[in-house]
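The values are calculated or read from the model by the stated rules, or taken from the named source; none is laboratory data. Just so it is clear, the structure is predicted and the values come from calculations on it, not from any experiment. All Cβ positions, glycine included, derive from the backbone under ideal geometry; neighbour counts span all protein chains shown.
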């Protein structure tokens with residue numbers, strides 16, 4: 001495993017963030033006041049558990065970008081040229097009221113109330129960006145982009161990922177970059193201070209993309225479609241994308257080996273591989289996090305890869321972006337991607353190295369904490385930040401002796 005290097009500009013700032021979120025909040029008070037004067041903190045347009053804190057026209061410069069990025073200082077209301085991919089994020093104004101016509105349908109009246117806001121606003125697809133890094137893919141050709149779903153409060157998980165598999169580096173001449181995908185704090189939280197904390201964190205690391213929709217479970221699909229659009233605009237040179245959660249273990253060496261095998265076999269153009277789930281049906285248990293009422297979807301799911309972690313080619317990602325625009329949003333993000341693949345008449349490839357339900361589904365099994373499995377797998381879900389740091393250290397310890405290499 002190559003030694004990873006951090007940017008020198010980070011310096012002593014990193015320990016400050018890890019010391020205390022409260023301390024970081026104190027440091028950002030002055031910036032908060034300045035930002036409020038500049039109109040960054042705009043009024044919430046509607047409080048429906050959907051839109052974020054700035055669902056209104058954004059002023060020039062409202063999106064946080066690096067000053068050396070090609071999109072810095074763009075004109076927010078610049079016209080979009082027909083049939084040409086824009087060179088900037090063009091979702092600058094959000095005018096997304098509920099679709100009142102849906103309320104007249106009988107099936108909507110029968111629908112579980114917890115899905116009402118999702119259905120009434122699922123035509124709201126692209127949202128303004130609060131933090132953007134268009135330069136992330138512009139620094140030469142990026143071989144692998146590690147894209148991590150997270151929420152503002154999960155700072156410890158992001159820190160663990162940065163210190164382990166999300167550490168930006170170059171391996172055998174192949175550049176690896178990392179991005180975290182976030183929405184806005186949900187209603188009822190200290191939104192202003194949380195927002196300042198994430199801006200402070202991004203000032204240190206420069207690896208966060210944030211959109212102005214609330215970071216809720218039903219809005220995970222918005223992260224998928226907004227990222228696909230972002231990727232299509234800003235990442236022309238990227239070859240592959242790994243997309244996963246912030247509580248997984250990723251063996252980057254094995255992941256790069258898998259990519260190399262696919263390239264040698266010339267099977268990389270339509271690559272979409274992970275822990276594939278086939279012949280699944282919607283869960284009808286109302287107590288389940290993944291409950292879906294019949295009124296919303298009443299047929300088997302297409303094959304899909306577990307959202308804990310999967311790998312896809314950039315070519316396929318761009319095709320997924322195109323077909324996703326013609327599909328209704330679905331509240332389970334990995335199933336939605338399966339629907340997009342089905343539209344392309346493709347199916348995700350299953351690979352035993354991706355274990356998005358753990359090495360074994362029995363959580364108490366000692367197999368789930370056996371480092372020799374982690375050394376030979378690609379993705380394992382799910383670990384706390386402390387478990388990830390500890391497992392990474394053990395797996396990369398030269399003194400670890402494993403009896404034999406398991407088949408990948």
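Taking the listed residues 258, 327, the one that is in contact with a helix residue (DSSP H, G or I) (Cβ under 7 Å, 6 or more places away or on another chain) and modelled with pLDDT of 95 or more is 327, with no other qualifying. Each residue in segment 104-116 was checked for being within 23 Å of residue 217 (Cβ to Cβ) and assigned to a helix (DSSP H, G or I), and 7 pass.
Residues are listed down the side, and each one gets a yes or a no for (1) in contact with a strand residue (DSSP E or B) (Cβ under 6 Å, 6 or more places away or on another chain); (2) assigned to a helix (DSSP H, G or I); (3) farther than 24 Å from residue 375 by Cβ:
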| site | (1), (2), (3) |
| --- | --- |
| 231 | no, yes, yes |
| 261 | no, yes, no |
| 266 | no, no, yes |
| 276 | yes, no, no |
| 321 | no, yes, yes |
| 326 | no, no, yes |
| 331 | no, no, yes |
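Summed over segment 265-314, the residues that are within 30 Å of residue 144 (Cα to Cα) and without any contact (Cβ under 8 Å) to a residue 24 or more places away in the chain give a count of 3.
Among the residues of segment 171-196, those that are within 26 Å of residue 387 (Cα to Cα) and at pLDDT 95 or above comprise 176, 177, 178, 179, 180, 181, 182, 183. Only one entry of 337, 383 meets the criterion of being outside any helix (DSSP H, G or I), crowded, with 18+ Cβ neighbours inside 10 Å, modelled with pLDDT of 90 or more and within 26 Å of the chain's Cα centre (by Cα), and that entry is 383.
Every condition in (1) free of Cβ contacts under 8 Å to residues at least 24 places away in the same chain; (2) more than 30 Å from residue 222 (Cβ to Cβ); (3) surrounded by fewer than 17 Cβ atoms within 10 Å (Cβ to Cβ); (4) touching a helix residue (DSSP H, G or I) at 6+ places or on another chain (Cβ under 8 Å) is met by residue 400 except one, and the failing one is (1). Against the list (1) touching a helix residue (DSSP H, G or I) at 6+ places or on another chain (Cβ under 9 Å); (2) surrounded by 21 or more Cβ atoms within 10 Å (Cβ to Cβ), the condition residue 322 fails is (2). For residue 232, are the conditions met, namely being surrounded by 17 or more Cβ atoms within 10 Å (Cβ to Cβ), at pLDDT 95 or above and under 27 Å from residue 87 (Cβ atoms)? When the stated conditions are applied, residue 232 passes them. Has segment 343-350 got at least one residue that is surrounded by 22 or more Cβ atoms within 10 Å (Cβ to Cβ) and in a loop (DSSP other than H, G, I, E, B)? The answer is yes; a qualifying residue exists. The residue list 265, 270 contains one member that is surrounded by fewer than 22 Cβ atoms within 10 Å (Cβ to Cβ) and more than 22 Å from residue 304 (Cα to Cα), which is 265. Looking across segment 281-301, the residues that are surrounded by fewer than 20 Cβ atoms within 10 Å (Cβ to Cβ) and in contact with a helix residue (DSSP H, G or I) (Cβ under 8 Å, 6 or more places away or on another chain) come down to 289, 293, 295, 296.
Per-residue answers, yes or no, for (1) surrounded by 20 or more Cβ atoms within 10 Å (Cβ to Cβ); (2) under 10 Å from the mean Cα position of the chain (by Cα); (3) not in a strand (DSSP E or B):
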site: 181; (1), (2), (3): yes, yes, no
site: 189; (1), (2), (3): no, no, yes
site: 192; (1), (2), (3): no, no, yes
site: 198; (1), (2), (3): yes, no, yes
site: 223; (1), (2), (3): yes, yes, yes
site: 241; (1), (2), (3): yes, no, no
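Candidates are the residues of segment 206-220 that are surrounded by fewer than 23 Cβ atoms within 10 Å (Cβ to Cβ) and in a helix (DSSP H, G or I); the one that is nearest to the chain's Cα centre (by Cα) is 220. Taking the condition surrounded by 17 or more Cβ atoms within 10 Å (Cβ to Cβ) and either modelled with pLDDT under 95 or more than 30 Å from residue 174 (Cβ to Cβ) (or both), does residue 107 pass? For residue 107, the condition - surrounded by 17 or more Cβ atoms within 10 Å (Cβ to Cβ) and either modelled with pLDDT under 95 or more than 30 Å from residue 174 (Cβ to Cβ) (or both) - is not met. Of all the residues in segment 353-380, those that are out of contact with any helix residue (DSSP H, G or I) (no Cβ under 9 Å at 6 or more places or on another chain), over 30 Å from residue 327 (Cα atoms) and either part of a strand (DSSP E or B) or modelled with pLDDT of 90 or more (or both) number 0.
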